[in-house]
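The values are calculated or read from the model by the stated rules, or taken from the named source; none is laboratory data. Computed from a prediction, not measured in an experiment: that's the story for all the values here. Neighbour counts are summed over all protein chains in view; Cβ atoms, including those assigned to glycine, are modelled from backbone coordinates with ideal geometry. These accessible areas exclude ligands, DNA and RNA; they are computed on the full protein's heavy atoms, side chains included. Shrake-Rupley method; radii C 1.70, N 1.55, O 1.52, S 1.80 Å.
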Amino acid sequence: MSWINRRDLALLALRAGTGAVLMAHGTQKLLGWFGGAGLDKTAAAMEHMGYTPGRQSALAAGLGETGGGALLVLGLATPAAGAAAAGAMAGAVAVHAPAGFFAQGGGFEYPAFLGFTAAAIGLAGAGRYSLDHATGHTFDQRWMLALAFATSAVAVAAVVTKRVQDQTDEGQEEE
């Protein structure tokens, strides 16, 4: 087996595993699958965490995870898929950050790992065993890479900044 085939097989395995985990988490939020809360309860939880409006926040997180994960599995529009999933995980990191790094204490270790992995796949590309390759990289252009990650970064910054500002405003109102 050539090194190129090994790399492509590794990318397929990494895409499939990461994408499947992201899809499972997203469908928990959207559909209540796998013991998840479903959209209405996730929306209420998002409101409680400071993400307003809750329903739109729950939809964005669920679609970023489910859609980004599905596209990663397929190896389709890989830059956008990686950026969307990484953006969704950045929001989760913001929620877990006050608890520190490690997951056993409620920290951000796990969503950070998923986000970095999704981002790395988006940057590396899907490899030979993918729909991106099969379609001649129609949805995997250099400009798409830059646009997808820039858009995701701006969206995450806006959402997290709004959340922090809202929490600061609430804290000042309580005083």
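Brief remarks on what is shown
- Out of Leu63, Leu114, Leu71, sole residue that is in contact (Cβ under 8 Å) with a residue 12 or more places away in the chain, assigned to a helix (DSSP H, G or I), under 15 Å from Met23 (Cβ atoms) and open to solvent by 60 Å² or more (accessible area, probe 1.4 Å): Leu63
- Just one of (1) closer than 25 Å to Leu9 by Cβ; (2) open to solvent by 10 Å² or more (accessible area, probe 1.4 Å); (3) of a type in the set (Ser, Thr, Tyr) fails for Thr78. It is (2).
- Just one of the listed residues (Thr151, Thr161) is over 23 Å from Gly69 (Cβ atoms), among the β-branched types (Val, Ile, Thr) and open to solvent by 60 Å² or more (accessible area, probe 1.4 Å), namely Thr161.
- Being among the hydrophobic types (A, V, I, L, M, F, W, C), open to solvent by 50 Å² or more (accessible area, probe 1.4 Å), assigned to a helix (DSSP H, G or I) and free of Cβ contacts under 8 Å to residues at least 40 places away in the same chain is a property that does not hold for Phe101.
- Selected residue [aliphatic (A, V, I, L, M), out of contact with any helix residue (DSSP H, G or I) (no Cβ under 9 Å at 6 or more places or on another chain) and either farther than 18 Å from Leu76 by Cα or assigned to a helix (DSSP H, G or I) (or both)] from Leu30, Leu39, Leu12, Leu22: Leu12
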